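Accompanying notes for the structure given below.
Where a number appears in this text, it was derived from the coordinates with a stated rule and is not lab data. What you see is a predicted model, and the numbers here were worked out from it, not measured in a lab.
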Amino acid sequence: MTKAIHSGRRKVSAPGKTRAGHLAYVMNPEYLAEIERFRLMDDTFMSKCLENAPECIEHIEIQRAKDGSEPKRARYNSSLMDANALKSGEDVDRLRDTYVIFITENDVMGDGQDVYVYDRAEKRSGRSLCDGTHIIYVNGATRSDSDIGKLMHDFLCSNAAEMYFDILKRQVSQFKNSDEGRRYMCEAMERIEARGEARGEARGKREGKRENMLATAKRLLANGKLMLKEIAECTGLSLAQVKKLQLTMA
């Protein structure tokens with residue numbers, strides 16, 4: 001999470017950079033320090049760094065926590081890709097193969113493999129169903145000399161110069177070492193933070209409203225002059241909520 005510090009926009013007077021009266025973007029040093037630490041394994045950085053580089057990544061989900069990489073989540077993601085793949089009336093033979101790839105920071109499958117590949121197969125013979133559905137788990141903890149091991153090194157590396165794969169090195173360097181890239185990341189981090197604050201404010205308003213409704217209901221229950229249904233109508237709570245509140249006050 002980023003700290004709640006805003007860089008904002010203010011006038012600058014650097015010669016040749018702005019004209020009088022124009023506003024220039026000032027990159028937040030807190031964000032810049034965080035960008036230096038970012039790795040491709042970090043969701044915020046990866047989503048922005050690779051969003052316009054389909055040759056780098058497609059249908060891949062980063063999972064740093066084990067509880068986000070359950071097989072049923074992979075099944076769900078696979079179904080989402082199939083759901084809108086065909087137009088009404090199109091033959092199912094037109095479905096393309098789908099690949100759901102989880103890149104996990106740790107070896108969540110626990111067998112020490114670099115990569116785990118799962119296809120639907122007949123239980124006894126092990127023969128593949130050949131339905132074009134593939135689920136792949138990449139073990140981010142691997143340190144082998146294989147291409148997968150080198151890829152995981154790059155995903156966990158914060159210094160572009162130390163990366164193996166040129167295409168990833170170029171993308172990461174663009175967002176870490178160029179003014180344009182760093183500014184883009186700073187602006188993206190500001191938007192993410194602003195959305196988080198807006199959601200927090202909305203949640204706070206909802207919680208505050210609910211607390212007021214409960215406090216009013218408690219006063220009316222304590223007064224004892226209104227029926228439970230009338231208290232529900234006055235406060236906006238459901239009758240079940242008023243009954244539950246009454247039990248807590250007994």
Which whole-Hz ³J(HN,Hα) couplings does the range 112-128 yield from phi under the Karplus relation 6.51 cos²θ - 1.76 cosθ + 1.60, θ = phi - 60°, glycine and proline marked x?
-> x, 7, 5, 8, 10, 10, 10, 10, 5, 9, 5, 5, 7, 8, x, 6, 5
Using modelled backbone amide H atoms (1.01 Å from N, in-plane), which distant-in-sequence or interchain residues come within less than 5 Å of S158's amide H?
-> none
Going down the list K205/K243; K218/K243; K48/K169; K48/K87; K205/K225; K48/K72, which pairs span over 21 Å between their C-alpha atoms?
-> K205/K243; K48/K87; K205/K225; K48/K72
Only Cα pairs under 8 Å and at least 6 apart count here; give the relative contact order of the range 206-249 as a rounded whole percent.
-> 37
Estimated translational D of the range 206-249 in µm²/s (Stokes, Kirkwood radius over Cα pairs; 25 °C; 0.890 mPa s) | 243
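Given contacts defined as C-alpha pairs under 8 Å and at least six residues apart, what's the relative contact order of the range 161-250, whole-number percent?
Computed over the range 161-250, the figure is 15 percent.
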